[in-house]
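Working notes, structure below.
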Amino acid sequence: MSDQLLGDAKVYSLPGTLFTGISGPHEQSVLSAPVKVYPNPTASEVTVEIPWTTRFTSADMAFFNSVGELVLTQAITVTGQRINIAPLAAGEYSYRVSMDGQQVNAGKLTKL
């Protein structure tokens with residue numbers, strides 16, 4: 001595994017590592033409101049809005065390329081946080097938003 005730091009984010013290169021955990025029902029019921037990830041598509045940044053509750057103490061967002069490799073992860077510390085995805089190549093990415101290690105949202109994002 002190789003990684004590099006980009007501000008507070010880490011960009012990962014994990015050849016042959018597949019992420020298969022985002023298929024299936026999403027566990028949004030643990031939150032009082034849906035997680036919002038926008039704009040989509042985007043060329044440089046995404047904004048993540050999470051309905052924080054006292055039940056959760058940490059959150060993160062992970063991005064996976066088209067073959068399931070983890071390519072970027074970012075801690076989320078405030079609602080409305082912007083995540084720089086400019087270093088990622090143009091294409092389709094899957095993402096996962098987790099709070100205290102529990103997946104609360106997943107989806108697809110187009111990087112221009």
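FYI, it's all coordinate maths here, none of it is from the lab. All of these numbers come straight from a predicted model, not from anything done at the bench. Heads up, the Cβs are rebuilt from the backbone with ideal geometry, glycines too, and the neighbour counts pull from every protein chain shown.
Filter region 62-97 down to residues that are β-branched (Val, Ile, Thr) and touching an Asp or Glu at 6+ places or on another chain (Cβ under 7 Å) and give me whichever is surrounded by the fewest Cβ atoms within 10 Å (Cβ to Cβ). Walk me through it before giving the result.
Keep residues of region 62-97 that are β-branched (Val, Ile, Thr), which gives 67, 71, 73, 76-79, 83, 85, 97.
Within this subset, residues satisfying the condition of being touching an Asp or Glu at 6+ places or on another chain (Cβ under 7 Å) are 73, 76, 79, 83, 85.
Values: 73: 18, 76: 20, 79: 14, 83: 22, 85: 24.
For region 62-97, the residue satisfying everything is 79.
Of all residues in region 98-112, exactly one satisfies the criterion of being without any contact (Cβ under 8 Å) to a residue 60 or more places away in the chain, exposed (fewer than 14 other Cβ atoms within 10 Å of the Cβ) and closer than 15 Å to residue 51 by Cα, namely 100.
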